[in-house]
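Scroll down for the structure; my scribbles are underneath it.
The values are calculated or read from the model by the stated rules, or taken from the named source; none is laboratory data. All figures in this text were calculated on a predicted structure; none of them were measured in a lab. A quick note on method: Cβ atoms are made from the backbone with ideal geometry, for glycine too, and the neighbour counts reach across all protein chains shown. Note: areas computed on protein heavy atoms with side chains; ligands, DNA, RNA excluded. Shrake-Rupley method; radii C 1.70, N 1.55, O 1.52, S 1.80 Å.
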Amino acid sequence: MRFLTWTKIIWVILIAINLLSVVCFVLDSTGNFQHQQGLIGTVTSVMFGVPSILLCFVSILLLVNKWIPDDRKSYALLIFILSSLILFSLSLFNALYG
């Protein structure tokens, strides 16, 4: 049970970091909404931003519904979601500052 508590805490932190990366990307790529995104910003937001927002939405739904992994497939799904959250946020931060 303690494992699931720490997993949920880590999951919430990753969701927050991911949403922060999306917000930073949108604000930085549009110059605080003073101009439109360029071609690279548009492609990056479609490839990483949209799936990142969808994954955050699915994660929040799973946390609100108190989803608990109970078999190997569920744990594999949880590991996939957590690693995808990390990779999407790293990709968005890399597009900004890389």
Using r as the Cβ-Cβ distance of Leu77 and Thr42, and R0 as 22 Å, what FRET efficiency do you calculate, to the nearest 0.05? 0.15
Dividing the alpha-carbon radius of gyration of the chain by 2.2 N^0.38 Å, where N counts its residues, gives 1.20
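What does the accessible area per residue of the stretch 18-98 come to in Å², with a 1.4 Å probe and no ligands, DNA or RNA counted?
67
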Which percent of the accessible area of the chain is formed by carbon and sulfur heavy atoms (probe 1.4 angstrom)? 73
Need one number: nm distance between label points at Ile53 and Ile10, each 7 Å from Cα along Cα→Cβ, rounded to one decimal. 2.8
Evaluate Rg over Rh across the stretch 43-98, taking Cα atoms for both radii and Kirkwood's formula for Rh. 1.06
Determine the gain in length on full extension of the stretch Phe93-Asp28; use 0.36 nm per residue of separation and subtract their C-alpha separation, reporting nm with one decimal. 22.3 nm
